[in-house]
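As C-alpha cells, the structure follows; a few thoughts come after it.
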Amino acid sequence: MSAAPPNQARAGELRRLLQRAAHAYYVLDAPEMEDSVYDRLYRELLELEAAQPELITPDSPSQRVGRAPAEGFSSVEHRIGLLSLDNAFNPGDLEAWYGRLLKVLDREPATPLEMVGELKIDGNALALSYEHGLLVQAATRGDGERGEQITANVRTIASVPLRLQLENPPAWVEVRGEALIPDDTFAAINAERAARGETLFANPRNACAGTLRQLDPKVVAARRLDFFAYTLHLPQDTPQGPSSQWQSLQWLQAAGFKVNPNAKLLPNLAAVQAFFRAWDTGRRALPYATDGVVVKLNDLRLQDAAGFTQKAPRWAIALKYAAEEAPSILLRLACQVGRTGVVTPVAEFEPVPLAGTTVSRATLHNADRLAELDLHAGDTIVVRKAGEIIPEVVRVLSELRPPGAARLELPQVCPECGSELVREEGEAATRCVNSSCPAILRGALRHWVSKGALDVDGLGAKLIEQLVDRGLVGSIADLYGLDAALLASLERMGTKSADNLVVALAASKQQPWHRQLYGLGIHHVGEVNAKALAKAFPSAADLATAAVNTPESITAVFGIGAEIAQSLQQWFATPANQLLLEDLERLGFSLAAGPEEPGAGPETPLTGQTFVLTGSLPSLSRSAAQALIEAAGGKVSGSVSKKTSYVVAGEEAGSKLSKAQSLGVPVLDEAGLKSLLPAKIATESN
Ligand SMILES: [Zn+2]
C-alpha cells in the first residue's frame, strides 16, 4: 500500500471513507458524517477520477449512477431459479403445511421444528450476483427462470453494497431480497407527481416496479429505493458457510446488507402463529408496506431434505393477511382537472369502512384504467385500501350490474372550461390544454402558495376559487396586487384576515430561490429537483440560459434527467412564462439565491462540525489549523467523543488518535482537512 502513488492512495481512502459513511447512513441508519462534508469528499473523489480515469474502480461511490442501457434491458437466466412460495391464509393452512413438512422429514407429529419468521415486504424481488465481492449483476424475478438485467438501476440503491464488506469474499454469491419504496418516499413521489399534474402510482410496489424499469438510472437514484436482503446462496464448497437461515441473515448483515430487523427465530408452530398474529396489527406502524409473513425452516440441511414440489419449496410458506377490500355501489364518475390540465377520473361510491377509515372516493388513474375496469352506472365495485395507501377500485362485480346500465367514459370536453380534451399518442393522461382554464389557474395558485413553495398562510383553496371565479386574479403575479379592502369584501374574510394575508404575501417575496423555482410549477420540477437546480443555477436567468442553450449542463446535475431538461426548455421558451418572471421581478422577487443560501456568499461548509487536532501537521501550526476550521464554520475541541466529527492527526499523534479509532471517528491528515475547506479558505492557507 505504501508504494501506491499519492492520488491512488487518496482515492482509495476517499472510497473507503465514503462507503463507510454511506453504510452508516443507509444501512445502519446511524449517520456519522455531515452531508456537506460527504459532498465535499465525494467531489474530491470525482475530481481525482476525472483527472485520472484509471483511478475509477467499479465499487467507487461515483459508479452508483451510471449511463442508461442503450436499448432497454436484456433478459438473463437466473443462476438459481426464483420460485414463488406457497401461500397460507389462515391457521388451518399453516397447520396443514407444518404437518406435511413433518411427514416429509419423517418426524413424530409433536416434534418442534425451528423456523425463522420474516416480514413479507410488499416490494419487488431482486437477485443480486457478486463475483469476488463485486456486484456484477442485478436482475428482476421475471418468470423465476429468467429476469430482466437492471444492474445499472440497482447500483443506485444506496443500501445495496457495490462491494461486499468481507475480507475473503467467495468466488460468487447470489443474494435475494426485496427492493422497496418506503411509505413516506412513496407519498413524496406521489405528491410531486400530483404537483406536476402526473398520474399517481397506485401503491409503493407499483412505484417501485416502475422505477426499477426506468431507462435513466438518474431517475431511479432520485426515487431513493431501499433493499432488504433475505436469501443467500453460496458455492457448495464455501468453508464455514451458514448452516441455517438465521446464520444466513447474519452473514448478509456482516457483508454490508440491510437485513430486516424484525426477523425472528421461532422454536415451534405456536411461536409461528403468535408471530403471524402480532404482525397483523404491528405492521401498520411500519414505514413500509407488508402483506404477510414468510416462515422458513431454519436448518439448511433440513431444507435440503424437505426439497421442493413442482413449483415451490416445501420448507417455506408465505402467510398472507387478508386484503383490505370491501364492496360498494358506484354513485358517480367525477373528474378532476389538475394544475397541468391532466384530467383524472374519480369514482364516487357509497361510503364503506376500510382499513380504519371511511372511504367514499377512489382514483381511477386515467382513461386506460377506466376502460379496463369497464365501469357502468350503478355498478357494484370492490374497493381496496392497504394501510396508508390511497384507495383504489380493484374490480367490478359485473354480474350484479343493473340491466341497461350505461357505460361510463371520460367526457370529451373539460368539465371546467368546456374546451376539447386532448390525449397525446403514447400518453396515459388526458389533458385540458387551455392555459386560461380556471382549473389550471387555480391549481397553479394553490401550488404557488403551498407549504413547500412560497408557503403563504391564509390563502386556501376556497379563497383562490373566489378570486379566480370573480376574475380578480388571472396569474400568480396578480396575487401581489390584491389590496386588503378588496380581500375583506370577499366571502368568509374579515379585515384582520385580509390584512394578515397581504402581509403574508409580501413576506413570501423573501422565500429562497429554490422555493420560488418549485412554486413556478414547472413540469417534473418537484421540491427535490428544484433544490438541486437552484444550487447549480443560482438565478432564474442562469437557469433559463442553460435550459435554452446548454441542456447538457442541466442533465449534469445529480438526479436531473433529460425529460426535466426538456421541460425546463419548453417552460422558459413560453412567452407567458417569461412575462410572469418579469412581473415577479418587478414585484420584488429576487429569483436568485440570496447571500445566506448555498451557492453564493461566504462558504461555511463545516457549520455544526467539531474537530479535534492532535500531533503536528506538516505545514500548518495548531493555531493556523484551528483558524482555518473556524473560518469555514467549524469548531475545534480539545477532547474526542462520539460527537466529534473528525480527528485531524499529524506526526506523533497520541491517545486522541487511538480514541478516535476506537469510537469510529473519521481521521484526516492535513490534506484531508484542506479538502473539506472551501477552495478560497484552503488556498489562503498556502
Ligand atoms: Zn379546462
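For the range 6-63, with only Lys/Arg (+1) and Asp/Glu (-1) charged at the beta-carbon, what is the dipole magnitude about the Cα centre, in debye rounded to 20?
140 debye
Out of the range 154-202, which GluC sites (Glu not before Pro) are coil in DSSP terms and have no more than 14 other C-beta atoms within 10 Å?
167
Could you calculate the FRET efficiency of residue 409 with residue 587 from 1/(1 + (r/R0)^6), where r is the beta carbon distance between them and R0 is 45 Å, rounded to 0.05?
My answer for the efficiency is 0.55.
Less than 9 Å Cβ to Cβ from residue 452, Lys/Arg counted +1 and Asp/Glu -1: what total charge do the surrounding residues give?
Spelling it out: positives minus negatives among the neighbours equals 0.
Expressed as a whole percentage, what fraction of the accessible surface of the chain belongs to carbon and sulfur atoms when a 1.4 Å probe is rolled over the protein heavy atoms?
The C+S portion of the solvent-accessible surface of the chain is 52 percent.
What is the P(r) of the chain, as percent of Cα-Cα pairs per 10 Å bin from 0?
Percent of pairs per bin, in order: 3, 12, 19, 22, 20, 15, 7, 2, 0, 0.
Measuring with a 1.4 Å probe in the full set of protein chains, what accessible area per residue, in whole Å², belongs to the range 6-63?
The answer is 53 Å² per residue.
Tally Lys/Arg at +1 and Asp/Glu at -1 over every other residue whose Cβ is under 15 Å from the Cβ of residue 383; what's the total?
Once positives and negatives cancel, what remains is 0.
Can you pull a Stokes-Einstein diffusion coefficient for the range 513-586 at 25 °C (0.890 mPa s), Rh from Kirkwood over Cα pairs, as a whole number of µm²/s?
In µm²/s, the coefficient is 205.
Starting from one equal scatterer on each C-alpha and no solvent at all, send me the Debye-based log10 I(q)/I(0) for the range 610-684 at q = 0.24 Å⁻¹, two decimals.
-1.10
Which whole-number percent gives the relative contact order of the chain, counting Cα pairs below 8 Å spaced six or more residues apart?
10 percent
Just to confirm my understanding: which cysteines in the chain have no other cysteine beta carbon less than 4.7 Å from their beta carbon?
Result for the chain is 208, 335, no neighbouring Cys Cβ within the cutoff.
Charges at C-beta only: +1 for Lys and Arg, -1 for Asp and Glu. How large is the resulting dipole of the chain about its Cα centre, in Debye rounded to 20?
I would put it at about 1000 debye.
How much net charge surrounds residue 8 when only the other residues with a Cβ under 12 Å from the Cβ of residue 8 are counted, with Lys and Arg +1 and Asp and Glu -1?
-1
Can you give me the orientation-averaged projected area of the convex hull built on the Cα atoms of the range 87-320, in nm²?
Averaged projected area of the range 87-320's Cα convex hull equals 13.5 nm².
Alpha carbons only, please: Rg and Dmax for the range 6-63, in angstrom.
11.3, 33
Dipole magnitude of the range 41-110 about its Cα centre, charges +1 at Lys/Arg Cβ and -1 at Asp/Glu Cβ only, in debye to the nearest 20?
Around 160 debye, computed over the range 41-110.
Rounded to the nearest 0.05, what FRET efficiency is calculated for residue 324 and residue 265 with R0 set to 25 Å and r the Cβ-Cβ distance?
Efficiency at R0 = 25 Å is approximately 0.25.
Rank 284, 146 by accessible area, highest first, at a 1.4 Å probe radius?
Most to least solvent-accessible, the answer reads 284, 146.
Whole number please: convex hull volume per residue, Cα atoms of the range 1-123, in Å³.
It comes to 260 Å³ per residue, whole-number rounded.
Tell me the relative contact order for the range 87-320 as a rounded percent, counting alpha carbon contacts under 8 Å between residues six or more apart.
It rounds to 30 percent for the range 87-320.
What accessible area per residue, rounded to a whole number of Å², is obtained for the range 87-320 using a probe radius of 1.4 Å?
On a per-residue basis, 43 Å².
Got the relative contact order for the range 40-169 handy, in percent, Cα pairs under 8 Å and 6 or more residues apart?
In percent, rounded to a whole number, it is 31.
Out of 485, 123, 397, whose Cα points farthest toward the positive end of the dipole of the chain (charges: +1 Lys, Arg; -1 Asp, Glu; placed on Cβ)?
About the Cα centre, the residue reaching furthest to the positive side is 123.
Between residue 478 and residue 238, how many nm apart are label points set 7 Å from Cα along the C-beta direction?
Inter-label distance under the simple model: 6.6 nm.
The values are calculated or read from the model by the stated rules, or taken from the named source; none is laboratory data. Predicted, not measured: the structure shown is a model, and the values here were computed from it. We place every Cβ from the backbone using ideal geometry, glycine too, and count neighbours over all the protein chains shown. These area figures cover heavy atoms from the full protein model, side chains too; ligands, DNA and RNA do not enter into them. Shrake-Rupley method; radii C 1.70, N 1.55, O 1.52, S 1.80 Å.
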